[in-house]
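Engineer: Let me give you the structure first, and then I'll get to my questions.
Coordinate-derived values only; no laboratory data. Quantities reported herein were computed from a predicted structural model and do not represent experimental measurements. Here the Cβ positions follow ideal geometry from the backbone for every residue, glycine too, while neighbour counts run over all protein chains shown.
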Amino acid sequence: MRFNFTGTIKANPVDSTKGVPFYKTGKTEGGNDYLVLNLAVSEGSNRAFVEMFGMERDVIKTKNVDGDNIEIDWEDRNDSDAIKDVANYRKFVLSLDEDRSEYITELDFIKRVAIDISEINGKRFTITGSTRKNFYKGNVSDRFQIQNIYEAADDRKDKLETRDTIYYTKDSVDTSEWKDNKKIIFNCYTREYLSANDTGADKGGYYYVEQTYVLDCRKVKFDNEGHVNAMKFRLNMLGLDYEDGKIVNKIKPKKVISQMITGRYICGAEEIDFDESQLTAIQKQKIELGLATLDDFRPRESIYGERIVEYRISDIPCKGDFSDGPVYLDEKISEFEEEIFTFSEDEVIEKSDDDASEPEEDDEVDIDDLF
């Protein structure tokens, strides 16, 4: 999974006793220096924690601009010709005050971020990178690994966005919450490379790992044709349809379907729309008598619900192999299931270090913000 998070950066002080310090130093068992970077990206009440680990080593194994495997000696890592020869997707970039700095090691990147942290902390940035699966006591979570940090463009909305390819079957789609909450749950999988340390096997490899996504249609106004068409398009691109107020599952039985999606990472307490259900009996009576309106009782501060952690499907890019819609895998479900990674609930592979306003008229919600 790739991520693209735009929001306000928070970096806890190095000596922080409340929260994870943004910068840690240490030595490996072999005596090599290492650094750890921890930042938070906030989109309103929504927050994601991103990280990077960098370690001193003798040789840097990477890719050149032609995609070939290459090795660069540690002492040559900041040589301009060596950096130029490395593929862009294997570099680490910090863009600050129109100054672009490129590195080919995490260690040097972290050092530069630490130097400029006063120019980053509390300001809007876009951080991109990829996730790494974290397995702990029967649970799977994501660790967001930093690759690039850019100053956020003025016209770019704060958003914690992801890009992924999901794999699922007809039975993976749960519509039990549609009637009451207008939500569809996709109990799907993503294809991940897991190292030998992750799997406990002799060597690493690619596996399908459980991943839940939600298509949340609560903002859709079903008397608004534009809203409904936007929803139906997403449903069709996921193998579903909307007929007579119900969700119809049109995925082929005994087949595995795949689709590229754009998602939103939700981690925090969501803002709750204020409506008449939150009024007292007296307040409702006053409105019925024409002595007040709903806005007269609207709180000055936003109302937030319980904290949640969730991935939501926001868009279907329709690119590459998926330019014509979802794609069915050739392999049988039994073959697919053989590649699913499972682990014991008692197995501890790694433990994590980490312990938007709506307009008044729903019809005015941008189509892009519905999901």
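Engineer: How large is the charge dipole for segment 182-271, taken about the Cα centre, if only the Cβ atoms of Lys, Arg (+1) and Asp, Glu (-1) carry charge, to the nearest 20 debye?
Structural biologist: So the dipole magnitude of segment 182-271 works out to roughly 320 debye.
Engineer: Distance cut-off 26 Å, Cα to Cα: go down the list Lys203/Lys254; Lys137/Lys246; Lys219/Lys255; Lys221/Lys284; Lys133/Lys250 and report the pairs above it.
Structural biologist: Exceeds cut-off: Lys203/Lys254; Lys137/Lys246; Lys219/Lys255; Lys133/Lys250.
Engineer: For labels at Glu225 and Lys250 in the simple 7 Å Cα→Cβ model, what's the distance in nm?
Structural biologist: About 2.0 nm separates the two model spin labels.
Engineer: For segment 1-157, go through all pairs of different Cα atoms, get the mean of 1/r, take its inverse, and jot down that Kirkwood value in Å.
Structural biologist: 16.7 Å
Engineer: Please compute the length gained on full extension between Glu335 and Asp295, using 0.36 nm multiplied by the number of residues separating them and subtracting their Cα-Cα distance.
Structural biologist: Contour length minus the Cα-Cα distance gives 8.7 nm.
Engineer: Rounded to the nearest 20 Debye, what is the dipole magnitude of the chain about its Cα centre when Lys and Arg each give +1 and Asp and Glu each give -1 at the C-beta?
Structural biologist: It comes to approximately 480 debye.
Engineer: Explain nothing, just compute: Karplus ³J(HN,Hα) = 6.51 cos²θ - 1.76 cosθ + 1.60, θ = phi - 60°, for every residue of segment 48-64 in order, whole Hz, x for Gly and Pro.
Structural biologist: Computed from phi, the couplings for segment 48-64 are 10, 9, 10, 8, 8, 10, x, 9, 5, 8, 6, 10, 9, 9, 8, 10, 8 Hz.
Engineer: How far apart, in nm, are two points set 7 Å out from the Cα along the Cα-to-Cβ line at Ala114 and at Asp324?
Structural biologist: Each label point lies 7 Å from its Cα, and together they span 5.3 nm.
Engineer: What is the distance in Å between the Cα centres of segment 169-184 and segment 117-151?
Structural biologist: Centre-to-centre distance over Cα atoms comes out at 30 Å.
Engineer: Sticking with this structure for a sec: Among Asp79, Asp198, Asp108, which comes first, then next, by fewest other beta-carbon atoms within 10 Å?
Structural biologist: The fewest-first ordering by Cβ neighbours comes to Asp79, Asp108, Asp198.
Engineer: Output wanted: per-residue J couplings in Hz (rounded whole) for segment 331-341, from phi through Karplus 6.51 cos²θ - 1.76 cosθ + 1.60, θ = phi - 60°, x for Gly and Pro.
Structural biologist: Each residue's phi maps through the Karplus curve to give 6, 6, 4, 4, 5, 4, 5, 5, 9, 7, 7 Hz.
Engineer: In addition: Suppose only helical runs count, i.e. DSSP H with n ≥ 4. What mean residue ellipticity at 222 nm does that imply for the chain under -39500 (n - 2.57) per run, divided by all residues and rounded to the nearest 500 deg cm²/dmol?
Structural biologist: Rounded to the nearest 500, the figure is -3500 deg cm²/dmol.
Engineer: Rounded to the nearest 20 Debye, what is the dipole magnitude of segment 110-267 about its Cα centre when Lys and Arg each give +1 and Asp and Glu each give -1 at the C-beta?
Structural biologist: Dipole magnitude for segment 110-267 comes out near 200 debye.
Engineer: Also, I was wondering about something else. Please figure out what share of the DSSP beta bridges in the chain is antiparallel and state it in percent, rounded to the nearest 5.
Structural biologist: 95 percent
Engineer: What does the highest-first list of 35-47, 125-137, 88-100, 203-215 look like by mean Cβ count within 10 Å?
Structural biologist: 35-47, 125-137, 203-215, 88-100
Engineer: Nearest-5 percent of antiparallel DSSP beta bridges in segment 1-157?
Structural biologist: In segment 1-157, DSSP labels about 90 percent of beta bridges as antiparallel.
Engineer: Right, next: Which value results when the Cα radius of gyration for the chain is divided by 2.2 N^0.38 Å?
Structural biologist: Output field value: 1.13.
Engineer: Normalise the Cα radius of gyration of segment 120-222 by 2.2 N^0.38 Å (N = residues in it) and let me know the number.
Structural biologist: Against the empirical 2.2 N^0.38 Å value, I get 1.38 for segment 120-222.
Engineer: Next question. Towards the positive end of the charge dipole of the chain, with charges on Cβ (+1 Lys, Arg; -1 Asp, Glu), say which of Ser101, Tyr206, Tyr168 has the farthest Cα.
Structural biologist: The one lying farthest along the dipole's positive direction is Tyr168.
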